[in-house]
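The values are calculated or read from the model by the stated rules, or taken from the named source; none is laboratory data. Everything numeric in this text was worked out from a predicted model, so none of it was measured. Note that we place each Cβ from the backbone using ideal geometry, even for glycine, and neighbour counts take in every protein chain shown. Heavy atoms of the whole protein, side chains included, go into the accessibility calculation; ligands, DNA and RNA do not. Shrake-Rupley method; radii C 1.70, N 1.55, O 1.52, S 1.80 Å.
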Amino acid sequence: MSASDIIKDLKAKKFKPVYLLHGEEPYYIDQIIHYMEQHILNDMEKGFNQTVLYGKDTDMATILNAAKRYPMMSDYQLIIVKEAQDLKWAKETEGSSKEAEFIQSYFEKPLPSTILVFGFKYANFDKRKKLFKSITKSGLVFQSDPVRDYKLAGWIEDLVKEKGAKIAPQAAALMAEYLGTDLSKISNELEKLMLNVSRETTIDTDHIQRNIGISKEYNVFELQKALAVRNVLKANQIVNYFADNPKANPMVMVMANLNAYFTKILKYHYLQNKSEAAKELGVNPYFVKDYETAARSYTIGKTFDIISLLREYDLKSKGVDSTGNVTDGELLKELMFKVLH
């Protein structure tokens with residue numbers, strides 16, 4: 001089940017006695033727990049029947065003793081264990097001790113009137129454990145995985161659509177590249193952005209520049225467009241801007257983006273069915289024409305040479321085989337000259 005499916009069930013009051021929310025991406029875990037805290041019980045019921053614990057400050061015996069209580073003046077009691085990755089899960093559930101048996105027995109037959117929730121973040125729960133298998137049978141397990149880099153722009157578009165607004169593909173791609181894979185950070189920036197842009201207006205790169213501070217003219221996507229048509233002047237203007245603003249445009253990010261870009265150009269060259277380019281390259285169809293243009297500008301041989309150059313200059317930027325005290329900006333300018341000539 002997705003996070004939205006779980007929340008949909010919660011809205012319909014379809015509850016499970018145990019929830020294990022685990023995974024490397026905390027965004028969805030926090031989203032589900034926040035909904036549970038706010039909406040499962042009403043304000044009057046919360047006083048007696050809602051308990052929030054933290055993994056580092058509690059233990060399984062305390063949690064399960066609380067879980068075995070019956071609710072007061074309510075159909076359910078809700079117990080949420082935040083930061084559950086800090087619980088001593090391994091020590092307290094392995095072996096054949098009485099404590100381990102006590103813990104295991106609860107999860108095999110949990111109390112139906114208790115909703116017990118574990119927010120296990122930044123890692124996946126060990127699926128080999130008996131406990132995991134018991135929770136899977138008696139409750140619900142949700143795994144929150146990170147969104148892959150190449151899927152981030154699509155994720156942003158979907159989130160904006162879910163909030164009743166629209167965003168241009170270029171603007172979504174720009175946000176994805178500069179904000180990284182922290183979904184909570186992206187969501188917060190979008191919330192602020194949509195306070196200043198009406199739902200009827202499509203969010204574009206102008207809005208991104210004004211409200212988030214990412215330059216709409218001097219960014220990696222504009223560099224890609226300049227490189228695609230071998231616009232030497234524009235490419236050099238952008239690279240000079242990067243050199244003057246290294247914190248906003250770190251060399252490692254620029255190099256990673258260019259490597260991904262030229263790798264896709266190479267892949268485009270080898271596509272037998274160009275109509276499947278968007279799917280095969282993992283890009284929005286809006287950007288396919290840019291790769292088509294770039295493939296005409298760079299032969300297969302030249303593309304291979306550029307990818308080799310990118311690896312060479314990436315190593316130089318990290319101090320390998322570099323000569324003297326050369327700045328990242330100087331390396332980038334030198335690299336652009338070799339790419340374009």
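Quick look at the numbers
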quantity: Calculated Rg and Dmax of the stretch 1-48 using C-alpha coordinates, Å; calculated: 11.3, 35
quantity: Mean-position separation - Cα centroids, the stretch 201-267 and the stretch 276-341, in angstrom; calculated: 12
quantity: Over 21 Å (Cα to Cα) - which of LYS13/LYS133; LYS46/LYS163; LYS247/LYS318; LYS56/LYS82; LYS166/LYS247; LYS166/LYS192 fall in this group; calculated: LYS13/LYS133; LYS46/LYS163; LYS166/LYS247
quantity: Residue order for ARG230, ARG199 - accessible surface, 1.4 angstrom probe, largest first; calculated: ARG199, ARG230
quantity: Computed P(r) (all Cα pairs; the chain; 10 Å bins; percent); calculated: 5, 20, 23, 18, 16, 12, 5, 0
quantity: Accessible area per residue in Å² at 1.4 Å probe, computed on the chain; calculated: 53
quantity: PHE102 accessible area, 1.4 Å probe, all protein chains in place, Å² to nearest 10; calculated: 60
quantity: For the stretch 126-224: span of alpha carbons on each principal axis (Å, largest first); calculated: 55, 30, 17
quantity: Under Karplus coefficients 6.51, -1.76 and 1.60, residue-wise ³J(HN,Hα) of the stretch 225-230 in Hz, glycine/proline x; calculated: 4, 5, 5, 4, 9, 6
quantity: Exposure of LYS185 as accessible area (Å², to 10), given a probe of 1.4 Å and all protein chains; calculated: 90
quantity: Signed unit charges on C-beta, dipole axis of the chain, positive-most listed residue TYR54, PRO250, SER215; calculated: TYR54
quantity: Using θ = phi - 60° and Karplus 6.51 cos²θ - 1.76 cosθ + 1.60, couplings along the stretch 256-268 (whole Hz; Gly, Pro as x); calculated: 4, 5, 5, 5, 5, 5, 6, 5, 5, 4, 4, 5, 4
quantity: Exposure ranking of TYR241, TYR150 by accessible area [1.4 Å probe, largest first]; calculated: TYR150, TYR241
quantity: Most mobile of TYR270, TYR291, TYR178 in a GNM of the chain (Cα contacts under 10 Å); calculated: TYR270
quantity: Candidates MET255, MET36, MET72, ranked by Gaussian network fluctuation over the chain, Cα under 10 Å, top entry; calculated: MET72
quantity: Protein-only accessible surface order, largest first, of ARG69, ARG128 at 1.4 Å; calculated: ARG128, ARG69
quantity: Backbone HN-Hα couplings from phi across the stretch 146-156 [Karplus 6.51/-1.76/1.60, Hz, Gly and Pro as x]; calculated: x, 7, 5, 3, 6, 9, 4, 4, x, 5, 5
quantity: Sulfur and carbon atoms: percent of accessible area, the stretch 207-336 [1.4 Å]; calculated: 50
quantity: The stretch 12-55, accessible surface, carbon-and-sulfur percent (1.4 angstrom probe); calculated: 50
quantity: 0 to 90° range, to nearest 10: angle between helix 300-317 axis and the chain longest Cα axis; calculated: 70
quantity: Sequence-distant aspartates and glutamates (8 or more away, or on other chains) whose Cα lies within less than 12 Å of LYS151; calculated: GLU177
quantity: Solvent-free Debye scattering, log10 I(q)/I(0), computed from the Cα coordinates of the stretch 200-325 at q = 0.21, 0.22 Å⁻¹; calculated: -1.33, -1.38
quantity: Share, in percent, of DSSP beta bridges within the chain that are antiparallel, nearest 5; calculated: 5
quantity: Computed over the chain: relative contact order in percent, which uses C-alpha pairs under 8 Å that are six or more apart; calculated: 15
quantity: Amide H contacts of VAL81 (H built 1.01 Å from N, under 5 Å, at least 5 apart or other chain); calculated: LEU53, VAL117, PHE118, GLY119
